[in-house]
Structures are given as structure tokens and as C-alpha cells.
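Asker: Questions regarding the structure given below will be posed in turn.
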Amino acid sequence: MVTIREVQTRKDRKRFICFQNQLYRDTPQYIPTLLSDELANLNPKKNPAFEYCEMRFFLAEREGKTVGRIGGIISHKANEIWGVRTIRITRMDFIDDAQVADALVETIAAWGREQGMERIIGPIGFCDLDKEGMLIDGFERQGMFITYYNFPYYVDHMRRMGFEKEVDWTEHIVYVDGHNQERLDKICQRILQKGRFTVRQFASKAELKPYIPQIFDLINSEYKKLYGVVPISEKQISYYAGQFLTLINLEYLSVIQDEQGKLAAFGLVAPSMAEAMRKCRGRLLPFGFVHLLKAIRRPKILDMYLVAVHSAYRNTGLSCVLLGEVTKNAAKNGIAYAETGPQLENNYNIQGLFAYYRADREVRRRRCWGKSL
């Protein structure tokens, strides 16, 4: 018999977060979540998303043993913006057992019906900077620090429960070699000169901080039409900036300004945290931070987090300049390739970035599922 119990205490929250580490402990493709960040993400007193979101999370137990977990989010802001009444599944993991999967999903569905929701979707988080999408292809590849990993049987259970595709995201690998850097540099220089753009360099993270509000304003402006996106509030900007600044190596941050000194484009490419997180098992203490610092200072692989070009400059070639700046430094430091985070499968503007590079397309695919309640 499966028992569903709502998470109420800090001890339960840690149990909720750590269940995935237990489930995937023998899976080399799985990358642990940073425990301190996730404890903050699920804490209404720390995560500003709770100002417009309600969230409940649950553990599935059988004979005193945890066999699954699930979170449910009602984003009132997203529902208002998109004119829908949906409840979101998030942070769902379970053993390969239909009874467990059904009990978890029905718990969230029942809460959604109580609140007048008409549709259930997921996995999707508080906002577009949260983890989203269930892996449906590419299970053999190691995951990323910013994405979920799940077993292939999840897909079978979702279909069995009547879920259908809402949207898919794809992930790609872009190699540093295999292109003519000299030719690319000349193209980028012409683009900068023609548009009177300037590539902004930062000597320290303190120097970068004043630009963070502009960066998130550009994210809000250019991401607003993407699936399920809601504007990031000022409090969320401060919250996520604190997390991202920890991971940044300034050599791989591209910021481009227009003639008036305003932000025209930016690209956030960060050192891969995958191996570091595996070594520290998601914990900074007592020595986990050493692995993270080493990964940040001497990365072997890069993760492409965010890219945005102001709509006024979308056809000027700035996206090419963004990637050109990063790969130039990557080549100098002996980095082999960069992996992209999830991109909507029809986001051709971003995928066009890879035209000048050797790339492996769609090495992973993940899905947001949905069905009526």
C-alpha cells in the first residue's frame, strides 16, 4: 500500500530533496542538486516566487520507505498572463511502480481541482529559471547542473496516465574547434563596427553587478513569449543573481552595448558544474566548495545558460558575436565544447547561433506534458 504524506518540516524538505540522490545513486548520468540552493528554492521565506505561487510537496511511502516524491505549483501570475487555469507538476521522482506514480500525480491533480484548475502540466517550475522538462531522449548522456535527469520508464508512465505533449525542449553540443576562427573574428568585427556596438569586458564580479538589472530586464523583454514564462520580479532578480554570480567565470560572459551604452545583447556561458556536483554529492560542506571552485576556475566543459538579443538588433548578427567571444576564450583555455541548456524546439533564432560551428544537434530532448483535469 502506498501512503502519500505532505512535507511540512525542514527535515521532511531535506528528505524530499535527497530522495532523488538515493534513487539515482548508481546512475552516472545523474547530477545531484545543490542542497543549499534547493532548500532555499522550496522555502517561502527565501524564494520570492512564493509571492505569486502556491506550492505543496509530498512524499510517497511504502512500509516506512520513501518510494517517490512530487511537488505541485499554482502560479497565479502565469495563469493570469496566459489566460489559463493550470497546476504545475515539479520535482517528480518515483520508483518504477504504477501505483506510486498514479498516487503522486492524483494528489497534485486533486489539489488542482480543489483550487479550480482545469489542466495539469509539467514538469515545470516556478519560472523559466527553474528546472523544467522531463527527459525523453538522450538518457545515455550525463546531465547538466541546471537540468533534471529521470529514468526512461517515466515516459511510459506519463503516457499510461493519459498525458500528452505540451512542448519539447532540445539540447545541443557546440564544439570549440572545427570552424575558422580568423574568418569568424572578421565577421564579428564588421558586425560591431557597422552597428557601433561595443563588447563590454568586466574585471570583477563587483564591476558586473550594476549591469545585472539590465540583463534581467532584457530576459523579461525577450523571453516573454516563450512557453509558460512570467516576468522575473525585482526580488527574484536579487535572488537568482546571488545563485548565478557564484558560478560565473567572467571569461565566458558576453555583454554587448549599443551606441548609447544600453544593453543590446548578452550571453551567459558558465563552467560546467556536473563533475564537481557528482564529487561533492550536492553539498558545499565540508569540502564540496573546493570542487566547485576548481570547476569555475579551470573548466573543461562549458554550459550555455542564457542568451538574449534585444529585438531591435535581432537581425544584426549580434548572436554570432556573443558566441564568438566565448569560443575565442574557450579555445585559448583548451576547452573542447559547450552544452546548451534546454531550448524550445522551435526557437530557431537561438539554434541559428550554431551555423558557424561544428555541433551535435539534439543530444537530449525533454518534454512538458499536459492533460485536462
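Asker: Scan region 161-187 for residues that are touching an Asp or Glu at 6+ places or on another chain (Cβ under 9 Å) and more than 14 Å from Phe354 (Cα to Cα) and jot them down.
Answerer: Within region 161-187, Met161, Val167, Asp168, Trp169 meet the criteria.
Asker: Mind checking which pairs have a first residue in region 2-13 that is closer than 18 Å to Ile95 by Cβ and in contact (Cβ under 8 Å) with a residue 12 or more places away in the chain and a second that is outside any helix (DSSP H, G or I) and open to solvent by 50 Å² or more (accessible area, probe 1.4 Å), Cβ under 7 Å, 6 or more apart or different chains?
Answerer: So the pair list comes out as Val2/Arg62.
Asker: Would you point out the residue of region 313-334, among those that are under 21 Å from Gly352 (Cα atoms) and outside any helix (DSSP H, G or I), that is least open to solvent (accessible area, probe 1.4 Å)?
Answerer: Of everything passing the filter in region 313-334, Gly317 is least open to solvent (accessible area, probe 1.4 Å).
Asker: Could I ask something else about it? Keeping to region 250-296, report how many residues are open to solvent by 80 Å² or more (accessible area, probe 1.4 Å) and closer than 28 Å to Thr27 by Cβ. Step through it out loud before you land on a result.
Answerer: Applying the first criterion (open to solvent by 80 Å² or more (accessible area, probe 1.4 Å)) to region 250-296 yields 259-260, 262, 275, 278-279, 281, 283, 285-287, 289, 294.
Okay, now just the ones that are also closer than 28 Å to Thr27 by Cβ, so 275, 278-279, 281, 283, 285-287, 289, 294.
So the answer is 10.
Asker: Kindly indicate the residue of region 128-164 that is at pLDDT 95 or above and of a type in the set (Val, Ile, Thr) and also most open to solvent (accessible area, probe 1.4 Å) among those meeting that condition.
Answerer: Among those residues, the one meeting the criterion is Ile136.
Asker: Please go through region 196-210 and pick out each residue that is assigned to a helix (DSSP H, G or I) and either touching an Asp or Glu at 6+ places or on another chain (Cβ under 7 Å) or open to solvent by 30 Å² or more (accessible area, probe 1.4 Å) (or both).
Answerer: Correct list: Lys205, Ala206, Glu207, Lys209, Pro210.
Asker: Can I ask one more? Which residue, of Ala330, Ala336, Ala308, is within 30 Å of Pro32 (Cβ to Cβ) and either touching a helix residue (DSSP H, G or I) at 6+ places or on another chain (Cβ under 6 Å) or among the aromatic types (Phe, Trp, Tyr) (or both)?
Answerer: When all the criteria are applied, what remains is Ala308.
Asker: Go through Gly341, Gly282, Gly317 for me and flag whichever is under 19 Å from the mean Cα position of the chain (by Cα), at positive phi and touching a residue at least 60 places away in the same chain (Cβ under 8 Å).
Answerer: Exactly one of Gly341, Gly282, Gly317 is under 19 Å from the mean Cα position of the chain (by Cα), at positive phi and touching a residue at least 60 places away in the same chain (Cβ under 8 Å), namely Gly282.
Asker: Sticking with this structure for a sec: What is the residue count in region 292-312 for residues that are part of a strand (DSSP E or B) and more than 14 Å from Ala274 (Cβ to Cβ)?
Answerer: Number satisfying all stated conditions: 4.
The values are calculated or read from the model by the stated rules, or taken from the named source; none is laboratory data. Just so we're clear, the structure is a prediction, and the values are computed from it rather than from any experiment. Glycine also receives a Cβ, built like all others from the backbone with ideal geometry; neighbour counts cover every protein chain displayed. Remember, those area values only see protein heavy atoms, side chains included, never the ligands or the DNA or RNA. Shrake-Rupley method; radii C 1.70, N 1.55, O 1.52, S 1.80 Å.
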